[in-house]
Amino acid sequence: MAVREFGNKMMEINARRIGEEKKKKRGLEQQQQKKKKTIKRSVSSSRVYVVMLAIFSRFVILALFVFWRILARPYDTSAGLTRPCLSPNQNDHQVNVKWKTVGSVIENGVVWDSVYYVQIAQCGYEYEQTHAFLPVLPLTMRFLANTVLSRLVPRVGYRATLAIAGYLISNVAFVYAALYLYKLTLYVVEDERQAWRATALFCFNPASVFYSSIYSESLFAFCSFAGLWNFVKGSKWMAIVLWGLSSGVRSNGVLHAGFFLFQSMHYCHQAAFSQQRRLRGVLAVVTAIMQSGAVVTPFVAFQFYGYYQHCDPSVGSVEELRPWCTARLPYLYGFVQKHYWNVGFLRYFEIKQIPNFMLASPMLALAICSLISYGKQRSRLLLSLGFRATPMEWGKLVLSPTLEQKHVKYIDDNCSADNGELQQRQQTKIERTIAEEHGLVNPDGLGSFFSPAAVCFLVQLAVMTSVACLIMHVQVATRFLSVSPPIYWYAAHVMDPSVSGRPMGRLIWAIFFSYLGLGSLLFINFYPFT
(Lines give C-alpha, C1' and ligand atoms only; values in the text may rest on other atoms or scores of the structure.)
Protein backbone atom coordinates (compact mmCIF):
# COMPACT_ATOMS: atom_id res chain seq x y z
CA MET A 1 0.00 0.00 0.00
CA ALA A 2 2.80 2.38 0.95
CA VAL A 3 4.66 1.49 -2.21
CA ARG A 4 1.58 2.24 -4.29
CA GLU A 5 1.09 5.64 -2.61
CA PHE A 6 4.74 6.43 -3.12
CA GLY A 7 4.43 5.54 -6.79
CA ASN A 8 1.35 7.72 -7.20
CA LYS A 9 3.10 10.66 -5.55
CA MET A 10 6.11 10.25 -7.83
CA MET A 11 3.84 10.18 -10.87
CA GLU A 12 2.11 13.35 -9.67
CA ILE A 13 5.45 15.05 -9.15
CA ASN A 14 6.67 14.00 -12.62
CA ALA A 15 3.41 15.10 -14.20
CA ARG A 16 3.62 18.45 -12.42
CA ARG A 17 7.24 18.88 -13.51
CA ILE A 18 6.43 17.99 -17.12
CA GLY A 19 3.52 20.42 -17.05
CA GLU A 20 5.74 23.18 -15.69
CA GLU A 21 8.38 22.45 -18.34
CA LYS A 22 5.76 22.58 -21.10
CA LYS A 23 4.39 25.82 -19.71
CA LYS A 24 7.88 27.26 -19.51
CA LYS A 25 8.68 26.10 -23.04
CA ARG A 26 5.41 27.58 -24.31
CA GLY A 27 6.26 30.87 -22.61
CA LEU A 28 9.72 30.89 -24.17
CA GLU A 29 8.23 30.19 -27.61
CA GLN A 30 5.77 33.05 -27.17
CA GLN A 31 8.59 35.32 -26.07
CA GLN A 32 10.61 34.19 -29.09
CA GLN A 33 7.72 34.99 -31.40
CA LYS A 34 7.38 38.44 -29.86
CA LYS A 35 11.10 39.02 -30.38
CA LYS A 36 10.88 37.94 -34.01
CA LYS A 37 7.87 40.17 -34.60
CA THR A 38 9.83 43.07 -33.11
CA ILE A 39 12.70 42.37 -35.52
CA LYS A 40 10.36 42.00 -38.50
CA ARG A 41 8.61 45.29 -37.78
CA SER A 42 11.93 47.13 -37.70
CA VAL A 43 13.12 45.21 -40.76
CA SER A 44 9.99 46.13 -42.70
CA SER A 45 10.41 49.82 -41.97
CA SER A 46 14.08 49.71 -42.96
CA ARG A 47 13.33 48.65 -46.54
CA VAL A 48 11.22 51.76 -46.91
CA TYR A 49 14.01 53.91 -45.48
CA VAL A 50 16.62 52.52 -47.87
CA VAL A 51 14.36 53.00 -50.89
CA MET A 52 13.35 56.50 -49.78
CA LEU A 53 16.96 57.52 -49.26
CA ALA A 54 18.03 56.20 -52.67
CA ILE A 55 15.09 57.89 -54.43
CA PHE A 56 15.64 61.13 -52.54
CA SER A 57 19.31 61.20 -53.56
CA ARG A 58 18.33 60.78 -57.23
CA PHE A 59 15.81 63.60 -57.01
CA VAL A 60 18.49 65.82 -55.47
CA ILE A 61 20.88 65.10 -58.35
CA LEU A 62 18.26 65.64 -61.05
CA ALA A 63 17.08 68.84 -59.36
CA LEU A 64 20.68 70.09 -59.28
CA PHE A 65 21.02 69.28 -62.98
CA VAL A 66 18.00 71.44 -63.79
CA PHE A 67 19.09 74.22 -61.42
CA TRP A 68 22.67 74.46 -62.72
CA ARG A 69 21.57 74.21 -66.36
CA ILE A 70 19.23 77.17 -65.88
CA LEU A 71 21.74 79.17 -63.89
CA ALA A 72 24.93 78.52 -65.89
CA ARG A 73 25.76 78.55 -69.58
CA PRO A 74 27.08 75.29 -71.06
CA TYR A 75 30.73 75.32 -72.06
CA ASP A 76 29.97 73.18 -75.13
CA THR A 77 26.60 73.62 -76.84
CA SER A 78 27.07 70.78 -79.31
CA ALA A 79 25.15 68.31 -77.14
CA GLY A 80 21.89 69.15 -78.88
CA LEU A 81 23.28 68.51 -82.36
CA THR A 82 21.97 65.29 -83.87
CA ARG A 83 24.51 63.27 -85.81
CA PRO A 84 22.65 61.30 -88.49
CA CYS A 85 23.13 57.55 -88.62
CA LEU A 86 25.05 56.06 -91.52
CA SER A 87 22.03 53.86 -92.17
CA PRO A 88 19.19 56.04 -93.56
CA ASN A 89 16.52 53.81 -92.03
CA GLN A 90 17.62 54.74 -88.51
CA ASN A 91 16.87 58.44 -89.14
CA ASP A 92 13.18 58.00 -89.97
CA HIS A 93 12.20 58.25 -86.28
CA GLN A 94 13.00 61.97 -86.17
CA VAL A 95 10.38 62.96 -88.75
CA ASN A 96 7.11 64.70 -87.75
CA VAL A 97 7.91 65.22 -84.06
CA LYS A 98 5.05 67.00 -82.26
CA TRP A 99 6.83 68.40 -79.20
CA LYS A 100 10.12 69.51 -80.74
CA THR A 101 10.89 71.97 -77.95
CA VAL A 102 10.51 69.33 -75.25
CA GLY A 103 12.59 66.88 -77.26
CA SER A 104 15.28 69.50 -77.76
CA VAL A 105 15.46 70.23 -74.02
CA ILE A 106 15.85 66.52 -73.25
CA GLU A 107 18.53 66.08 -75.90
CA ASN A 108 20.47 69.06 -74.53
CA GLY A 109 20.85 67.10 -71.29
CA VAL A 110 22.77 64.38 -73.11
CA VAL A 111 26.38 65.29 -72.37
CA TRP A 112 29.81 63.67 -72.32
CA ASP A 113 29.72 59.87 -72.67
CA SER A 114 25.92 59.96 -72.70
CA VAL A 115 26.21 61.16 -76.30
CA TYR A 116 27.93 57.90 -77.24
CA TYR A 117 25.39 55.71 -75.48
CA VAL A 118 22.44 57.44 -77.16
CA GLN A 119 24.18 57.33 -80.54
CA ILE A 120 24.94 53.60 -80.16
CA ALA A 121 21.38 52.88 -79.05
CA GLN A 122 20.04 54.69 -82.12
CA CYS A 123 22.54 53.73 -84.82
CA GLY A 124 24.54 50.80 -83.51
CA TYR A 125 28.34 50.52 -83.51
CA GLU A 126 29.07 52.45 -86.68
CA TYR A 127 32.47 53.80 -85.68
CA GLU A 128 35.54 52.08 -84.27
CA GLN A 129 35.87 54.34 -81.23
CA THR A 130 32.33 53.58 -80.07
CA HIS A 131 33.50 50.09 -79.09
CA ALA A 132 34.90 51.63 -75.92
CA PHE A 133 31.28 51.59 -74.68
CA LEU A 134 29.91 48.12 -74.05
CA PRO A 135 26.49 47.11 -75.42
CA VAL A 136 24.19 46.13 -72.53
CA LEU A 137 23.15 49.69 -71.60
CA PRO A 138 22.46 50.94 -75.16
CA LEU A 139 20.63 47.71 -76.02
CA THR A 140 18.44 48.09 -72.93
CA MET A 141 17.77 51.72 -73.86
CA ARG A 142 16.73 50.71 -77.37
CA PHE A 143 14.48 47.95 -76.03
CA LEU A 144 12.65 50.35 -73.69
CA ALA A 145 12.35 53.04 -76.36
CA ASN A 146 10.86 50.54 -78.82
CA THR A 147 8.42 48.97 -76.33
CA VAL A 148 7.45 50.64 -73.06
CA LEU A 149 8.25 54.19 -74.19
CA SER A 150 7.31 53.79 -77.86
CA ARG A 151 4.38 56.24 -77.52
CA LEU A 152 6.82 59.04 -76.76
CA VAL A 153 8.66 58.66 -80.07
CA PRO A 154 6.20 60.62 -82.28
CA ARG A 155 5.93 63.30 -79.59
CA VAL A 156 9.53 64.07 -78.56
CA GLY A 157 11.52 62.12 -81.13
CA TYR A 158 13.43 58.86 -81.03
CA ARG A 159 16.69 60.31 -79.73
CA ALA A 160 14.94 62.07 -76.84
CA THR A 161 13.03 58.87 -76.06
CA LEU A 162 16.31 56.97 -75.92
CA ALA A 163 17.61 59.61 -73.53
CA ILE A 164 14.54 59.21 -71.29
CA ALA A 165 15.07 55.44 -71.35
CA GLY A 166 18.70 55.93 -70.34
CA TYR A 167 17.80 58.19 -67.42
CA LEU A 168 15.08 55.77 -66.32
CA ILE A 169 17.40 52.76 -66.41
CA SER A 170 20.16 54.52 -64.49
CA ASN A 171 17.95 55.84 -61.71
CA VAL A 172 15.89 52.68 -61.19
CA ALA A 173 19.00 50.51 -61.27
CA PHE A 174 20.59 52.77 -58.67
CA VAL A 175 17.73 52.21 -56.21
CA TYR A 176 18.06 48.44 -56.54
CA ALA A 177 21.83 48.71 -56.28
CA ALA A 178 21.47 50.53 -52.95
CA LEU A 179 19.17 47.78 -51.65
CA TYR A 180 21.58 45.00 -52.58
CA LEU A 181 24.54 46.91 -51.21
CA TYR A 182 22.72 47.17 -47.91
CA LYS A 183 22.08 43.43 -47.74
CA LEU A 184 25.64 42.62 -48.76
CA THR A 185 27.08 45.07 -46.24
CA LEU A 186 24.93 43.67 -43.48
CA TYR A 187 26.31 40.20 -44.20
CA VAL A 188 29.93 41.34 -44.21
CA VAL A 189 30.13 43.93 -41.42
CA GLU A 190 27.41 42.37 -39.24
CA ASP A 191 26.35 45.75 -37.92
CA GLU A 192 23.10 47.43 -38.90
CA ARG A 193 24.19 50.98 -38.16
CA GLN A 194 27.33 50.68 -40.25
CA ALA A 195 25.39 48.96 -43.04
CA TRP A 196 22.96 51.86 -43.07
CA ARG A 197 25.77 54.40 -42.98
CA ALA A 198 27.63 52.67 -45.84
CA THR A 199 24.46 52.67 -47.95
CA ALA A 200 23.92 56.37 -47.27
CA LEU A 201 27.49 57.08 -48.35
CA PHE A 202 26.88 55.18 -51.57
CA CYS A 203 23.73 57.23 -52.24
CA PHE A 204 25.74 60.46 -52.06
CA ASN A 205 29.15 59.25 -53.24
CA PRO A 206 31.50 61.65 -55.12
CA ALA A 207 30.56 60.07 -58.45
CA SER A 208 26.85 60.30 -57.72
CA VAL A 209 26.13 62.54 -60.72
CA PHE A 210 27.03 59.70 -63.09
CA TYR A 211 24.55 57.37 -61.40
CA SER A 212 21.70 59.65 -62.44
CA SER A 213 22.98 60.22 -65.97
CA ILE A 214 23.07 58.07 -69.07
CA TYR A 215 26.19 56.30 -67.88
CA SER A 216 26.81 52.63 -67.15
CA GLU A 217 27.68 53.08 -63.45
CA SER A 218 24.18 52.46 -62.04
CA LEU A 219 23.45 49.39 -64.15
CA PHE A 220 26.89 48.01 -63.39
CA ALA A 221 26.48 48.62 -59.66
CA PHE A 222 23.15 46.80 -59.69
CA CYS A 223 24.56 43.77 -61.55
CA SER A 224 27.64 43.74 -59.31
CA PHE A 225 25.91 44.06 -55.92
CA ALA A 226 23.01 41.76 -56.83
CA GLY A 227 25.48 39.19 -58.14
CA LEU A 228 27.55 39.42 -54.96
CA TRP A 229 24.49 38.88 -52.78
CA ASN A 230 23.40 35.86 -54.83
CA PHE A 231 26.94 34.50 -54.65
CA VAL A 232 26.94 34.85 -50.87
CA LYS A 233 23.62 33.09 -50.40
CA GLY A 234 24.63 30.24 -52.72
CA SER A 235 22.71 31.12 -55.91
CA LYS A 236 25.73 30.64 -58.14
CA TRP A 237 23.87 30.51 -61.44
CA MET A 238 22.06 33.76 -60.74
CA ALA A 239 25.41 35.30 -59.79
CA ILE A 240 26.87 34.11 -63.10
CA VAL A 241 24.00 35.69 -65.04
CA LEU A 242 24.28 39.02 -63.22
CA TRP A 243 28.07 39.15 -63.39
CA GLY A 244 27.96 38.13 -67.04
CA LEU A 245 25.69 41.10 -67.68
CA SER A 246 28.09 43.30 -65.72
CA SER A 247 30.94 42.32 -68.06
CA GLY A 248 28.71 43.48 -70.91
CA VAL A 249 28.12 46.78 -69.13
CA ARG A 250 31.69 47.66 -68.13
CA SER A 251 34.98 45.95 -68.83
CA ASN A 252 35.86 45.66 -65.12
CA GLY A 253 32.91 43.28 -64.78
CA VAL A 254 35.33 40.49 -65.71
CA LEU A 255 36.95 40.93 -62.27
CA HIS A 256 33.93 39.25 -60.71
CA ALA A 257 35.27 35.96 -62.04
CA GLY A 258 37.88 36.28 -59.30
CA PHE A 259 35.29 35.48 -56.63
CA PHE A 260 34.77 32.00 -58.08
CA LEU A 261 38.51 31.47 -58.40
CA PHE A 262 39.16 32.75 -54.87
CA GLN A 263 36.58 30.41 -53.37
CA SER A 264 37.75 27.37 -55.35
CA MET A 265 41.36 28.11 -54.46
CA HIS A 266 40.52 27.82 -50.78
CA TYR A 267 38.36 24.74 -51.31
CA CYS A 268 41.29 23.12 -53.09
CA HIS A 269 43.67 24.13 -50.31
CA GLN A 270 41.39 22.58 -47.70
CA ALA A 271 40.98 19.43 -49.77
CA ALA A 272 44.76 19.03 -50.05
CA PHE A 273 44.87 18.21 -46.34
CA SER A 274 42.13 15.58 -46.62
CA GLN A 275 42.77 12.52 -48.79
CA GLN A 276 39.06 11.79 -48.98
CA ARG A 277 38.27 15.21 -50.46
CA ARG A 278 41.05 15.78 -52.98
CA LEU A 279 38.75 14.92 -55.86
CA ARG A 280 36.30 17.52 -54.57
CA GLY A 281 39.06 20.11 -54.65
CA VAL A 282 39.88 19.31 -58.28
CA LEU A 283 36.19 19.45 -59.22
CA ALA A 284 35.85 22.78 -57.41
CA VAL A 285 38.69 24.27 -59.46
CA VAL A 286 37.31 22.94 -62.76
CA THR A 287 33.83 24.24 -61.89
CA ALA A 288 35.21 27.66 -60.93
CA ILE A 289 37.09 27.93 -64.24
CA MET A 290 33.89 27.18 -66.14
CA GLN A 291 31.93 29.65 -64.03
CA SER A 292 34.58 32.33 -64.54
CA GLY A 293 34.52 31.66 -68.27
CA ALA A 294 30.78 32.21 -68.30
CA VAL A 295 31.25 35.56 -66.53
CA VAL A 296 33.75 36.91 -69.09
CA THR A 297 31.95 35.47 -72.13
CA PRO A 298 29.84 38.59 -72.93
CA PHE A 299 32.93 40.80 -72.94
CA VAL A 300 34.87 38.36 -75.13
CA ALA A 301 31.88 37.94 -77.46
CA PHE A 302 31.76 41.71 -77.91
CA GLN A 303 35.41 41.66 -79.02
CA PHE A 304 34.56 39.00 -81.62
CA TYR A 305 31.68 41.17 -82.81
CA GLY A 306 34.05 44.11 -83.26
CA TYR A 307 36.52 41.94 -85.16
CA TYR A 308 33.78 40.72 -87.49
CA GLN A 309 32.51 44.25 -88.08
CA HIS A 310 35.87 45.94 -88.75
CA CYS A 311 38.23 43.17 -89.86
CA ASP A 312 36.19 40.61 -91.81
CA PRO A 313 36.62 41.27 -95.56
CA SER A 314 33.23 39.69 -96.27
CA VAL A 315 31.57 42.64 -94.52
CA GLY A 316 30.81 45.37 -97.04
CA SER A 317 31.82 48.25 -94.74
CA VAL A 318 35.39 46.96 -94.35
CA GLU A 319 37.55 48.86 -96.83
CA GLU A 320 40.95 48.77 -95.13
CA LEU A 321 42.17 46.62 -92.25
CA ARG A 322 42.99 48.51 -89.09
CA PRO A 323 46.34 47.84 -87.33
CA TRP A 324 44.78 45.88 -84.49
CA CYS A 325 43.14 43.47 -86.94
CA THR A 326 46.52 41.97 -87.83
CA ALA A 327 47.86 41.85 -84.27
CA ARG A 328 48.69 38.48 -82.70
CA LEU A 329 45.82 39.10 -80.29
CA PRO A 330 43.28 41.37 -82.03
CA TYR A 331 41.98 43.16 -78.96
CA LEU A 332 39.67 45.97 -80.10
CA TYR A 333 38.80 47.38 -76.68
CA GLY A 334 42.45 47.81 -75.70
CA PHE A 335 43.32 49.40 -79.05
CA VAL A 336 40.45 51.90 -78.84
CA GLN A 337 41.37 52.91 -75.30
CA LYS A 338 45.02 53.38 -76.26
CA HIS A 339 44.54 54.99 -79.68
CA TYR A 340 41.62 57.34 -79.01
CA TRP A 341 41.95 58.03 -75.26
CA ASN A 342 45.70 57.55 -74.70
CA VAL A 343 45.12 54.95 -71.97
CA GLY A 344 48.21 52.94 -71.04
CA PHE A 345 50.77 52.16 -68.37
CA LEU A 346 52.07 55.39 -66.76
CA ARG A 347 50.85 57.45 -69.74
CA TYR A 348 49.02 59.82 -67.44
CA PHE A 349 52.03 60.61 -65.28
CA GLU A 350 52.63 64.14 -66.54
CA ILE A 351 53.05 67.47 -64.76
CA LYS A 352 49.95 68.89 -66.41
CA GLN A 353 47.84 66.05 -64.97
CA ILE A 354 48.52 66.99 -61.32
CA PRO A 355 45.08 68.69 -60.98
CA ASN A 356 43.42 65.47 -62.13
CA PHE A 357 45.37 63.47 -59.54
CA MET A 358 44.14 65.93 -56.93
CA LEU A 359 40.58 65.54 -58.20
CA ALA A 360 40.79 61.76 -57.77
CA SER A 361 42.63 61.92 -54.44
CA PRO A 362 39.62 61.53 -52.06
CA MET A 363 38.45 58.25 -53.58
CA LEU A 364 42.00 56.97 -54.00
CA ALA A 365 42.77 57.92 -50.39
CA LEU A 366 39.75 55.97 -49.12
CA ALA A 367 40.74 52.95 -51.19
CA ILE A 368 44.38 52.97 -50.08
CA CYS A 369 43.56 53.69 -46.44
CA SER A 370 41.04 50.84 -46.37
CA LEU A 371 43.71 48.43 -47.60
CA ILE A 372 46.29 49.72 -45.12
CA SER A 373 43.88 49.72 -42.19
CA TYR A 374 42.73 46.16 -42.84
CA GLY A 375 46.31 45.09 -43.45
CA LYS A 376 47.42 46.43 -40.08
CA GLN A 377 44.52 44.87 -38.20
CA ARG A 378 44.33 41.61 -40.14
CA SER A 379 47.76 41.24 -41.78
CA ARG A 380 47.68 37.48 -41.25
CA LEU A 381 44.51 37.19 -43.32
CA LEU A 382 45.08 39.81 -46.01
CA LEU A 383 48.74 39.15 -46.83
CA SER A 384 48.19 35.39 -46.97
CA LEU A 385 45.01 35.86 -49.07
CA GLY A 386 43.18 34.03 -46.32
CA PHE A 387 45.27 30.84 -46.37
CA ARG A 388 46.18 31.36 -42.71
CA ALA A 389 42.56 31.73 -41.62
CA THR A 390 41.42 29.86 -38.54
CA PRO A 391 38.64 27.25 -38.86
CA MET A 392 36.25 29.74 -37.27
CA GLU A 393 37.16 32.39 -39.87
CA TRP A 394 37.26 30.10 -42.89
CA GLY A 395 33.54 29.84 -43.63
CA LYS A 396 33.14 33.62 -43.63
CA LEU A 397 36.36 34.11 -45.59
CA VAL A 398 35.28 32.05 -48.59
CA LEU A 399 31.72 33.43 -48.44
CA SER A 400 30.52 29.86 -48.09
CA PRO A 401 26.75 29.42 -48.16
CA THR A 402 27.19 26.04 -46.44
CA LEU A 403 29.18 27.13 -43.43
CA GLU A 404 27.31 30.41 -43.13
CA GLN A 405 23.90 28.94 -44.01
CA LYS A 406 22.10 29.96 -40.82
CA HIS A 407 23.53 33.46 -41.08
CA VAL A 408 22.57 34.05 -44.71
CA LYS A 409 19.21 32.30 -44.46
CA TYR A 410 18.18 34.49 -41.55
CA ILE A 411 19.10 37.70 -43.36
CA ASP A 412 17.54 36.55 -46.63
CA ASP A 413 14.30 35.46 -44.94
CA ASN A 414 14.02 38.90 -43.39
CA CYS A 415 14.78 40.64 -46.68
CA SER A 416 11.69 39.47 -48.57
CA ALA A 417 9.09 41.86 -49.90
CA ASP A 418 7.14 41.53 -46.65
CA ASN A 419 10.02 41.95 -44.23
CA GLY A 420 12.56 44.27 -45.80
CA GLU A 421 16.28 44.30 -45.17
CA LEU A 422 16.89 45.96 -41.84
CA GLN A 423 18.02 43.94 -38.79
CA GLN A 424 18.40 46.06 -35.77
CA ARG A 425 20.20 43.74 -33.47
CA GLN A 426 22.26 46.21 -31.48
CA GLN A 427 19.64 48.65 -30.30
CA THR A 428 17.94 46.46 -27.72
CA LYS A 429 18.61 43.35 -25.69
CA ILE A 430 15.91 41.47 -27.64
CA GLU A 431 17.59 42.16 -30.96
CA ARG A 432 20.98 41.17 -29.60
CA THR A 433 19.57 37.85 -28.39
CA ILE A 434 18.13 37.08 -31.80
CA ALA A 435 21.45 37.94 -33.44
CA GLU A 436 23.35 35.61 -31.13
CA GLU A 437 20.91 32.78 -31.75
CA HIS A 438 21.46 33.09 -35.48
CA GLY A 439 25.22 33.49 -35.30
CA LEU A 440 25.26 37.14 -36.33
CA VAL A 441 27.99 38.18 -33.93
CA ASN A 442 31.61 38.14 -34.96
CA PRO A 443 33.45 35.46 -32.96
CA ASP A 444 36.70 37.40 -32.86
CA GLY A 445 35.17 40.56 -31.44
CA LEU A 446 36.47 42.79 -34.23
CA GLY A 447 33.37 42.80 -36.39
CA SER A 448 32.56 45.65 -38.70
CA PHE A 449 34.95 46.36 -41.55
CA PHE A 450 37.47 43.78 -40.32
CA SER A 451 35.31 40.75 -41.07
CA PRO A 452 37.12 37.85 -42.76
CA ALA A 453 34.52 38.11 -45.53
CA ALA A 454 36.09 41.41 -46.64
CA VAL A 455 39.37 39.81 -47.79
CA CYS A 456 38.21 38.88 -51.30
CA PHE A 457 36.61 42.30 -51.80
CA LEU A 458 39.82 44.01 -50.72
CA VAL A 459 41.90 41.94 -53.16
CA GLN A 460 39.58 43.12 -55.93
CA LEU A 461 39.86 46.71 -54.66
CA ALA A 462 43.67 46.48 -54.69
CA VAL A 463 43.61 45.44 -58.35
CA MET A 464 41.17 48.22 -59.27
CA THR A 465 43.18 50.85 -57.39
CA SER A 466 46.40 49.79 -59.15
CA VAL A 467 44.70 50.01 -62.55
CA ALA A 468 43.20 53.40 -61.71
CA CYS A 469 46.53 54.86 -60.61
CA LEU A 470 48.88 53.35 -63.18
CA ILE A 471 46.87 52.78 -66.38
CA MET A 472 43.62 54.73 -66.56
CA HIS A 473 42.95 58.44 -66.77
CA VAL A 474 43.31 59.00 -63.06
CA GLN A 475 40.35 61.35 -62.68
CA VAL A 476 38.07 58.49 -63.79
CA ALA A 477 39.10 56.70 -60.58
CA THR A 478 36.36 58.60 -58.75
CA ARG A 479 33.60 56.74 -60.57
CA PHE A 480 35.66 53.63 -61.34
CA LEU A 481 36.18 52.92 -57.62
CA SER A 482 32.70 54.07 -56.59
CA VAL A 483 31.32 50.57 -57.28
CA SER A 484 33.70 48.95 -54.78
CA PRO A 485 31.89 48.13 -51.49
CA PRO A 486 34.99 48.17 -49.20
CA ILE A 487 35.34 51.92 -49.73
CA TYR A 488 31.95 52.51 -48.11
CA TRP A 489 32.58 49.88 -45.42
CA TYR A 490 35.81 51.57 -44.44
CA ALA A 491 34.31 55.07 -44.53
CA ALA A 492 31.39 53.90 -42.39
CA HIS A 493 33.85 52.28 -39.99
CA VAL A 494 36.03 55.36 -39.47
CA MET A 495 32.95 57.55 -39.13
CA ASP A 496 31.94 55.59 -36.03
CA PRO A 497 32.38 57.92 -33.00
CA SER A 498 34.13 55.12 -31.11
CA VAL A 499 36.79 54.81 -33.84
CA SER A 500 37.77 58.25 -35.14
CA GLY A 501 35.24 60.57 -33.65
CA ARG A 502 32.76 62.91 -35.28
CA PRO A 503 35.28 65.19 -37.07
CA MET A 504 36.22 62.38 -39.45
CA GLY A 505 32.57 61.78 -40.29
CA ARG A 506 32.04 65.48 -40.94
CA LEU A 507 35.10 65.57 -43.20
CA ILE A 508 33.94 62.61 -45.28
CA TRP A 509 30.42 63.99 -45.67
CA ALA A 510 31.83 67.42 -46.56
CA ILE A 511 33.95 65.90 -49.34
CA PHE A 512 31.08 63.78 -50.65
CA PHE A 513 28.59 66.66 -50.73
CA SER A 514 31.09 69.09 -52.25
CA TYR A 515 31.73 66.66 -55.11
CA LEU A 516 27.99 66.22 -55.50
CA GLY A 517 27.37 69.96 -55.80
CA LEU A 518 30.43 70.85 -57.85
CA GLY A 519 30.15 67.74 -60.01
CA SER A 520 26.53 68.39 -60.93
CA LEU A 521 27.42 71.97 -61.93
CA LEU A 522 30.38 70.98 -64.12
CA PHE A 523 28.98 67.78 -65.60
CA ILE A 524 25.61 69.00 -66.86
CA ASN A 525 27.18 72.11 -68.38
CA PHE A 526 29.80 70.14 -70.29
CA TYR A 527 32.79 71.18 -68.17
CA PRO A 528 35.49 68.59 -67.32
CA PHE A 529 34.82 66.75 -64.06
CA THR A 530 35.93 63.09 -64.00
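The values are calculated or read from the model by the stated rules, or taken from the named source; none is laboratory data. Small disclaimer: the values here were computed from a predicted structure and weren't measured. Reconstructed Cβ throughout: ideal geometry from the backbone, glycine too, with neighbour counts over all protein chains shown. For the accessible areas, the whole protein counts, side chains as well, though only heavy atoms, and no ligand, DNA or RNA atoms are used. Shrake-Rupley method; radii C 1.70, N 1.55, O 1.52, S 1.80 Å.
Using the basic label-point model (7 angstrom from Cα toward the beta carbon), what is the Ile354 to Tyr307 distance in nanometres?
For the pair Ile354/Tyr307, the computed spacing is 4.5 nm.
Accessible area per residue of segment 203-307 at 1.4 Å probe, in Å²?
So segment 203-307 comes to 39 Å² accessible per residue, rounded to a whole number.
From the square roots a ≥ b ≥ c of the eigenvalues of the alpha-carbon gyration tensor of segment 442-530, which class results: rounded (a/c under 1.5), prolate (a/b over b/c), or oblate?
The shape class here is oblate.
Determine the shape class of segment 249-371: with a ≥ b ≥ c the square roots of the Cα gyration tensor eigenvalues, call it rounded for a/c under 1.5, and otherwise prolate if a/b is greater than b/c, oblate otherwise.
Since a/c reaches 1.5 but b/c is at least a/b, the shape of segment 249-371 is classed as oblate.
Would you please classify the overall shape of segment 175-246 from the alpha carbon gyration tensor, given that a ≥ b ≥ c denote the square roots of the eigenvalues, rounded means a/c under 1.5, and beyond that prolate means a/b larger than b/c while oblate covers the rest?
Oblate shape, in that a/c is at least 1.5 and b/c is the bigger or equal ratio.
Carbon and sulfur atoms: what percent of the 1.4 Å accessible area of segment 221-332 do they account for?
63 percent
Can you compute the FRET efficiency between Ser361 and Arg73 using 1/(1 + (r/R0)^6), with r the Cβ-Cβ distance and R0 = 35 Å? Round to the nearest 0.05.
Plugging the Cβ-Cβ distance into 1/(1 + (r/R0)^6) gives 0.75.
If I model a spin label at Ser384 and Glu320 as a point 7 Å from the Cα along the Cα→Cβ vector, what separation in nanometres do I get?
6.0 nm
Give the accessible area for Lys236 in Å² (nearest 10); use a 1.4 Å probe, count only protein heavy atoms, and leave out ligands, DNA and RNA.
40 Å²
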